[in-house]
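A.B. asks: Next up is a structure, given as structure tokens.
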Amino acid sequence: MLLKIPESRSLITKMMLERVASAGFGTAITTLVAVQPHVTWLPFHENGGISGLAALGIIAVFGGIGALFSNSLGQSLVEKHGVRFSFVMSAIIQTIVVAAFLLAIIFHSVTSLGIIGLGVLSFVLSISTPGLSGLARAWWNEIGLSKTLAARGGALEPTLAAIAWSVGPIIAAPIVLVSPWTIVVLGGGTALGLLLLSKLPNPYKGTQQKINAPSVDVRTKSKGILRDWWMAGTYSFYHIARSLLNSGSTAVLLGAGQSGLIGAATAAPSVGHAIAGVAFAARKNPEANLKKAVMVGLLGQALPTLIIASVFWIWPQPNMVATILLVVGGGAIIGILKAPVAAAIYPLAVENRPEITVGRSASRIANGMIMGGLLGPLFGTVIIITMGTAWLLPFSVIALAICACGVMLDGRITGAK
């Protein structure tokens, strides 16, 4: 139904162009780095360095820190100066970064920029990318749709993002190995997408807080911070769980001698999420039973994760058929159960905090997602070093349980009934 409405179709098209291009752009760069046996630390330097795979972790830290800042700072920038100014500035900065990659390709190679150079560019790209999760949800209420259709569009958001982050890498990864110019094309597509999005309305017009706001005591302010950021902190544990699940799935496949299934296992949750996400958004009342949907999704993911961990614990090297059923099939089921969590967590946070705008609430939750994405791999490394890979999946379940407890306690934190 949403695709039949011109305003809705235009919004989806613009957001998907930016998301697919951005996902492909990042994947193209990481793919070129990953296949390198050696990447130096400094730009255009011949001595020192580490393997491409090892370098990716360091480069990712630069990007993760940039994303953490951009989600908050970018949100504030949009609220103060509007969508047009913020997105045009972002497009200009990203065009400059793409030009840097272009010059590197012409005169040498992308990896000649070195780990530090690539890390700095990754940071600049991340910090100059506006947080789309908050704006996307706010835009559905600004394009003239009914309340129900706007809510349905908001529920569809994580599914659209999942599709984009599946399509973009699938296109970019094989093509960039044939031609590094893929990076320039996808980078240009990202900047174009930002320019198209800059023409959308500013959903925060007139919502800025007054500068001379009344002062509050420290205790009240602390309670306010806890109330505002509780769901973001809670959601970070979900993404820690997701990270540990991905690492654990890869570990069990390597232990079973089935490394060829890693790609299928990685894609399976996205496929399940895409299918279930559309169904969830199509519900008659997409804002009904939000807490129940989140809890079912969280606890439901724990069961197949425990089953996979238990089977591989008892039977470390099952045959290929059993491995496909367990990891790929289990991943698809987990993906189906991801959909209600990703779709319902945002409106649930807004429901308990009606004084906070949809976009700002979504931006805070996205910060929790980024924090979980940064801490998850670190926790995984600690678990592998101290306890072994077999414990990655059980600790993923523990993180899911912590997230579920946080969601249950949110009503008490906010004072919602």
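The values are calculated or read from the model by the stated rules, or taken from the named source; none is laboratory data. All of these numbers come straight from a predicted model, not from anything done at the bench. Glycine also receives a Cβ, built like all others from the backbone with ideal geometry; neighbour counts cover every protein chain displayed.
This table checks each residue for (1) farther than 29 Å from residue 377 by Cα; (2) assigned by TED's automatic domain parsing to the domain that holds residue 356; (3) touching a Leu at 6+ places or on another chain (Cβ under 8 Å); (4) outside any helix (DSSP H, G or I).
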residue: 76; (1), (2), (3), (4): no, no, no, no
residue: 114; (1), (2), (3), (4): no, no, yes, no
residue: 138; (1), (2), (3), (4): yes, no, no, no
residue: 141; (1), (2), (3), (4): yes, no, no, yes
residue: 155; (1), (2), (3), (4): no, no, no, no
residue: 162; (1), (2), (3), (4): no, no, no, no
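A.B. asks: In segment 337-392, how many residues are under 25 Å from residue 310 (Cα atoms) and of a type in the set (Ser, Thr, Tyr)?
C.D. replies: 3
A.B. asks: Kindly indicate whether any position in segment 21-29 is farther than 29 Å from residue 229 by Cβ, among the hydroxyl-bearing types (Ser, Thr, Tyr), touching a residue at least 40 places away in the same chain (Cβ under 8 Å) and not in a helix (DSSP H, G or I).
C.D. replies: No, there is no match, as no residue in segment 21-29 is farther than 29 Å from residue 229 by Cβ, among the hydroxyl-bearing types (Ser, Thr, Tyr), touching a residue at least 40 places away in the same chain (Cβ under 8 Å) and not in a helix (DSSP H, G or I).
A.B. asks: Follow-up question, since we're still on this one. Identify all residues within segment 293-338 that are among the hydroxyl-bearing types (Ser, Thr, Tyr) and farther than 25 Å from residue 166 by Cα; write none if there are none.
C.D. replies: Across segment 293-338, the qualifying residue is only 310.
Okay, residues lined up against (1) more than 24 Å from residue 321 (Cα to Cα); (2) among the hydroxyl-bearing types (Ser, Thr, Tyr):
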site: 229; (1), (2): yes, no
site: 236; (1), (2): yes, yes
site: 243; (1), (2): yes, yes
site: 254; (1), (2): no, no
site: 258; (1), (2): no, no
site: 268; (1), (2): no, no
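A.B. asks: May I pose another question? Return the residues of segment 262-289 that are under 22 Å from residue 405 (Cα atoms) and surrounded by fewer than 16 Cβ atoms within 10 Å (Cβ to Cβ); say none if nothing qualifies.
C.D. replies: Passing the criteria: 288, 289.
A.B. asks: Right, here's the next one. For segment 95-113, which positions are hydroxyl-bearing (Ser, Thr, Tyr) and over 21 Å from residue 46 (Cβ atoms)?
C.D. replies: Residue satisfying the conditions is 95 alone.
A.B. asks: Does residue 299 fit the bill of being in a helix (DSSP H, G or I), of a type outside the set (Gly, Ala, Ser), farther than 18 Å from residue 240 by Cα and out of contact with any Pro (no Cβ under 7 Å at 6 or more places or on another chain)?
C.D. replies: Considered against the rule, which asks whether it is in a helix (DSSP H, G or I), of a type outside the set (Gly, Ala, Ser), farther than 18 Å from residue 240 by Cα and out of contact with any Pro (no Cβ under 7 Å at 6 or more places or on another chain), residue 299 comes out as no.
A.B. asks: Restricting to segment 290-313, name every residue that is touching a Leu at 6+ places or on another chain (Cβ under 7 Å), crowded, with 19+ Cβ neighbours inside 10 Å and under 22 Å from residue 270 (Cβ atoms).
C.D. replies: Of everything in segment 290-313, those that are touching a Leu at 6+ places or on another chain (Cβ under 7 Å), crowded, with 19+ Cβ neighbours inside 10 Å and under 22 Å from residue 270 (Cβ atoms) turn out to be 294, 297, 298, 301, 302, 305, 308, 309.
A.B. asks: Moving to a separate point now. Looking at segment 314-336, can you tell me whether even one residue there is within 17 Å of the chain's Cα centre (by Cα), crowded, with 19+ Cβ neighbours inside 10 Å, under 20 Å from residue 414 (Cα atoms) and not hydroxyl-bearing (Ser, Thr, Tyr)?
C.D. replies: No, because not a single residue in segment 314-336 is within 17 Å of the chain's Cα centre (by Cα), crowded, with 19+ Cβ neighbours inside 10 Å, under 20 Å from residue 414 (Cα atoms) and not hydroxyl-bearing (Ser, Thr, Tyr).
A.B. asks: Same structure, new question: Got a sec? Which of 93, 127, 106, 115 is farther than 30 Å from residue 151 by Cα and touching a residue at least 40 places away in the same chain (Cβ under 8 Å)?
C.D. replies: Exactly one residue qualifies, and that residue is 115.
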